């Protein structure tokens with residue numbers, strides 16, 4: 001959902017004076033639990049030979065491919081390249097004309 005949030009709404013926006021307009025959770029459009037479908041989770045354990053006890057580093061790498069996957073799906077579905085995120089409908093329509 002973090003990747004989809006980046007595609008469909010999360011955006012840092014500044015006004016003409018350079019003031020951040022999306023500096024709080026009231027203004028920053030992040031997916032909320034009522035917008036998330038039920039998701040099945042399947043853990044696949046593949047130990048690393050480099051970390052202690054097979055551990056690996058963690059962070060946000062799973063969020064990176066989401067925008068690219070959705071951009072490719074948009075391209076496959078309607079022939080328009082979504083090159084900016086979030087992918088707004090108006091940007092996509094403008095690209096088609």
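Structure data summary
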item: Among residues of the range 70-97, those that are modelled with pLDDT under 80, out of contact with any helix residue (DSSP H, G or I) (no Cβ under 9 Å at 6 or more places or on another chain) and part of a helix (DSSP H, G or I), counted; result: 6
item: Check on residue 67, closer than 21 Å to residue 13 by Cα, touching a residue at least 60 places away in the same chain (Cβ under 8 Å) and not in a loop (DSSP other than H, G, I, E, B); result: yes
item: Counted residues, the range 54-71 - those being exposed (fewer than 10 other Cβ atoms within 10 Å of the Cβ) and within 16 Å of the chain's Cα centre (by Cα); result: 3
item: Of all residues making up the range 43-64, the number that are in contact with a helix residue (DSSP H, G or I) (Cβ under 6 Å, 6 or more places away or on another chain), farther than 12 Å from residue 6 by Cα and touching a residue at least 24 places away in the same chain (Cβ under 8 Å); result: 0
item: Pairs with Cβ under 8 Å, 6+ apart, first in the range 1-20 and in a helix (DSSP H, G or I), second exposed (fewer than 10 other Cβ atoms within 10 Å of the Cβ) and modelled with pLDDT under 90; result: 2/60
item: Residues that are surrounded by 10 or more Cβ atoms within 10 Å (Cβ to Cβ) and either within 17 Å of the chain's Cα centre (by Cα) or not in a loop (DSSP other than H, G, I, E, B) (or both), drawn from the range 28-53; result: 28, 29, 30, 31, 32, 35, 36
item: Within the range 1-27, tally of residues that are out of contact with any strand residue (DSSP E or B) (no Cβ under 8 Å at 6 or more places or on another chain), over 25 Å from residue 71 (Cβ atoms) and surrounded by 11 or more Cβ atoms within 10 Å (Cβ to Cβ); result: 1
item: Contacts under 9 angstrom Cβ, first residue in the range 78-90 being free of Cβ contacts under 8 Å to residues at least 24 places away in the same chain and on the phi > 0 side of the Ramachandran plot, partner surrounded by fewer than 16 Cβ atoms within 10 Å (Cβ to Cβ) and not in a loop (DSSP other than H, G, I, E, B), 6 or more apart; result: 79/96
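The values are calculated or read from the model by the stated rules, or taken from the named source; none is laboratory data. Values in this document were obtained by computation on a predicted structure and should not be read as measured data. Cβ coordinates were reconstructed from backbone atoms using ideal geometry, including for glycine residues, and neighbour counts include every protein chain displayed.
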